[in-house]
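Report on one structure; see the data block that follows.
The values are calculated or read from the model by the stated rules, or taken from the named source; none is laboratory data. Everything numeric in this text was worked out from a predicted model, so none of it was measured. Cβ sites come from the backbone with ideal geometry, for glycine too, and all protein chains shown count toward neighbours.
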Amino acid sequence: MEGSYLGHSYKRAQNIVLVSLRSYLILKCYKNMIPEYLTLNTGAKMPALGFGTWTSVDRNIVGESVEYAILEAGYRLIDTAYFYECEDQIGEALKRVFATGKVKREDLFITTKVWPTFGTRIEEGLDRSLADFGLDYVDLCLIHCPVPIKCDSPDGKPLWPLDANGRMIKDHSVTHVDMYLQLEKAYKSGKAKAIGISNYSEIYIEELLKSASVVPAVNQIEIHPLLPQRKLAEYCQSKGIALTAFSPFGGEGAPILKNEAVKSIAEKYNVTTSTILLSFPLNLGISTIPKSFKKQRILDNLKVIDLEQEDIEKLIAIGSKSPVRYDREEFGVDLGFEDWKPELFP
Ligand SMILES: NC(=O)C1=CN([C@@H]2O[C@H](COP(=O)(O)OP(=O)(O)OC[C@H]3O[C@@H](n4cnc5c(N)ncnc54)[C@H](OP(=O)(O)O)[C@@H]3O)[C@@H](O)[C@H]2O)C=CC1
Ligand SMILES: O=C1Nc2ccccc2C1=O
C-alpha cells in the first residue's frame with residue numbers, strides 16, 4: 001500500500017515536472033517571439049525597447065525621469081538628441097546612476113542625433129553631446145534628418161532658423177551625403193560605436209549607399225499603425241539597416257491611444273492600448289522608444305505581448321490606405337516619403 005502510494009506520488013511528481021517543463025518550453029518559445037535586442041550590422045546588440053526623451057512641455061524633469069527609467073524600471077536604451085536640449089540633464093542623471101554602482105556604462109545603450117545645423121561640423125556636433133553626457137562614446141549616433149540647416153554659431157543655434165517668409169533656412173553648401181560621410185569619421189574614431197540616420201526615405205538612402213563606406217546601422221523613423229511604412233521598413237531591413245519606430249503613440253498627447261480599431265485589439269488580449277502600440281513594431285522586428293515622464297507609465301510601457309499574425313495585419317491595415325504622419329516638421333523640401341502630401345507642408 002505504502003509502496004503503491006509512493007509509486008503514485010512519484011508518478012505524480014514526474015508528471016508535474018514534465019508538465020512544468022513543457023509549459024516552460026512553450027512559454028520560452030512564446031516569449032522569444034518578441035526580441036529583447038536587435039543585432040545591428042556592427043554586431044552590437046541594441047535593446048528593442050528604449051526610453052524616449054523628447055518633450056516640449058516637461059523638460060525640467062527629463063533627468064529624474066531617465067534616472068527612474070534606468071534604476072527603477074530597468075530600461076537600458078536612452079534615446080536623445082542635441083535638438084532636445086536636455087543632454088546636460090541626462091549627463092547628470094547618468095552620473096547619479098553610475099554612482100549607485102548598480103548600472104555600469106557598458107550596461108547602457110545611449111543613442112544621440114546630430115542636428116543638421118552642424119551640417120559642416122558633424123563630429124563637433126557629436127562632441128558637444130558627448131561633453132554634455134560626460135561620456136567618451138555613444139552607442140549609436142544618427143544624422144537627425146537629411147536636410148542641412150544654415151548656421152553660423154558654434155553651438156548650432158538657432159536650431160530652426162527662419163527667413164523673412166517663415167521658411168527654414170537650408171545650408172546649400174553641404175549635402176545629406178556629406179553629413180553622413182563626416183559621421184563615418186566619428187565612427188572610425190570610436191566616438192560612436194554605431195552610426196545611422198533618422199527621417200531618411202528610400203530615395204535618400206539609395207543615394208547615401210552609393211557613397212557610404214559604412215552602411216547605416218539604424219534608420220529611426222515614425223512608425224505606428226496609422227503610419228506603418230511597410231515598404232520603407234522592408235527596404236531598410238533588406239539592406240541590413242535596423243529600424244527604430246519613433247512616436248509609437250503618435251507623439252505628444254498620445255493621440256493613437258484613442259483609436260477605436262487599436263482599442264478593440266487591446267480588448268481581445270485584455271491589455272491596454274499602449275501595450276498593443278508598443279507590441280506592434282516589436283512584433284515586426286522593429287525597435288521602439290516610447291516617451292513618458294510619469295512613473296506608472298514608464299513601468300507600464302515595458303509591457304509587450306506577442307500578437308497573432310491576423311492582428312498584426314489588422315494594425316497595418318489601419319493606416320495603409322490613408323497614412324497619418326504626426327511629425328510634420330517643415331524642412332522646405334520633399335523628404336521623399338510615400339505618404340508625402342504637399343498640402344500638409346504648405
Ligand atoms: N528622430 C526623430 O526625428 C524623432 C525621434 N523621436 C524620439 O521618439 C521618442 C518617442 O516619441 P514621442 O514623439 O515622444 O511620442 P510618443 O509616441 O512616445 O508619445 C509620447 C506621449 O505619450 C504620453 N504617454 C506615454 N506613455 C503613455 C501611456 N502608457 N499612456 C498614456 N499616455 C502615454 C506621454 O505623456 P507623459 O510623458 O505625460 O506620460 C506623451 O504625451 C521621443 O521622445 C524621441 O526620443 C520622436 C520624434 C521624432
Ligand atoms: O523627438 C523629436 N521631436 C521633434 C520635433 C521636431 C523635429 C525633430 C524632433 C524630434 O526628434
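In the set (1) over 15 Å from Arg297 (Cα atoms); (2) within 15 Å of ligand 1 (Cβ to nearest atom); (3) surrounded by 15 or more Cβ atoms within 10 Å (Cβ to Cβ), Tyr37 fails one condition alone, (2).
Let's see how each residue does on (1) β-branched (Val, Ile, Thr); (2) surrounded by 16 or more Cβ atoms within 10 Å (Cβ to Cβ); (3) over 17 Å from Ala192 (Cβ atoms):
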| position | (1), (2), (3) |
| --- | --- |
| Arg128 | no, yes, no |
| Asp132 | no, yes, no |
| Lys150 | no, yes, yes |
| Ala164 | no, no, yes |
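When only residues in region 273-298 that are farther than 12 Å from Ala245 by Cβ and more than 9 Å from ligand 1 (Cβ to nearest atom) count, which is surrounded by the fewest Cβ atoms within 10 Å (Cβ to Cβ)? Taking the candidates together, the pick is Lys295.
Being in contact (Cβ under 8 Å) with a residue 60 or more places away in the chain and either farther than 17 Å from Gly251 by Cα or assigned to a loop (DSSP other than H, G, I, E, B) (or both) is the filter here; which residues of region 46-63 pass it? Within region 46-63, Met46, Pro47, Ala48, Gly50, Thr53, Trp54, Thr55, Ser56, Val57, Asp58, Ile61 meet the criteria.
Table: residues versus (1) within 20 Å of Asp306 (Cα to Cα); (2) among the β-branched types (Val, Ile, Thr).
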position: Glu36; (1), (2): yes, no
position: Thr39; (1), (2): yes, yes
position: Thr42; (1), (2): no, yes
position: Pro47; (1), (2): yes, no
position: Thr55; (1), (2): no, yes
position: Asn60; (1), (2): no, no
position: Gly63; (1), (2): no, no
position: Ala69; (1), (2): no, no
position: Tyr75; (1), (2): yes, no
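For residues that are within 15 Å of ligand 1 (Cβ to nearest atom) and among the aliphatic types (A, V, I, L, M), tally how many sit in region 187-197.
Taking region 187-197 and keeping what is within 15 Å of ligand 1 (Cβ to nearest atom), we get 195-197.
Among the residues that remain, those that are also among the aliphatic types (A, V, I, L, M) are: 195, 197.
Within region 187-197, residues that are within 15 Å of ligand 1 (Cβ to nearest atom) and among the aliphatic types (A, V, I, L, M) number 2.
Residues that are part of a helix (DSSP H, G or I) and either under 17 Å from Ala81 (Cα atoms) or over 26 Å from the mean Cα position of the chain (by Cα) (or both) do not occur anywhere in region 159-175.
Per-residue answers, yes or no, for (1) surrounded by 18 or more Cβ atoms within 10 Å (Cβ to Cβ); (2) of a type outside the set (Gly, Ala, Ser); (3) under 30 Å from Asp132 (Cα atoms); (4) within 16 Å of ligand 1 (Cβ to nearest atom):
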position	(1), (2), (3), (4)
Lys185	no, yes, yes, no
Asn199	yes, yes, yes, yes
Glu206	no, yes, no, no
Gln220	yes, yes, yes, yes
Leu226	yes, yes, no, yes
Phe249	yes, yes, yes, yes
Glu252	no, yes, yes, yes
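Scanning region 22-51 for residues that are more than 18 Å from Ile195 (Cα to Cα) and either in contact with a helix residue (DSSP H, G or I) (Cβ under 8 Å, 6 or more places away or on another chain) or at pLDDT 95 or above (or both) yields Met33, Ile34, Pro35, Glu36, Leu49, Phe51.
Considering (1) without any contact (Cβ under 8 Å) to a residue 40 or more places away in the chain; (2) among the aliphatic types (A, V, I, L, M); (3) closer than 22 Å to Glu206 by Cα, the lone condition that Ile312 does not fulfil carries the number (3).
Would you point out which residue out of Lys263, Lys268, Lys258, Lys303 is closer than 24 Å to Glu36 by Cβ, of a type in the set (D, E, K, R), more than 8 Å from ligand 1 (Cβ to nearest atom) and surrounded by fewer than 19 Cβ atoms within 10 Å (Cβ to Cβ)?
Details: Lys263 fails: closer than 24 Å to Glu36 by Cβ; Lys268 fails: closer than 24 Å to Glu36 by Cβ; Lys258 fails: closer than 24 Å to Glu36 by Cβ.
Criteria check complete, one pass: Lys303.
A search for C-beta distances below 6 Å between a residue of region 322-333 that is within 8 Å of Leu227 (Cβ to Cβ) and among the acidic types (Asp, Glu) and any residue that is within 13 Å of ligand 1 (Cβ to nearest atom) and modelled with pLDDT of 85 or more, counting only pairs 6+ apart in sequence or on different chains, returns nothing. Residue pairs whose Cβ atoms lie under 9 Å apart, separated by 6 or more positions or on different chains, with the first residue in region 152-168 and among the hydroxyl-bearing types (Ser, Thr, Tyr) and the second not in a loop (DSSP other than H, G, I, E, B), are Ser153/Thr117. On inspection, Ile110 fails the criterion of being β-branched (Val, Ile, Thr), within 16 Å of ligand 2 (Cβ to nearest atom) and over 19 Å from the mean Cα position of the chain (by Cα).
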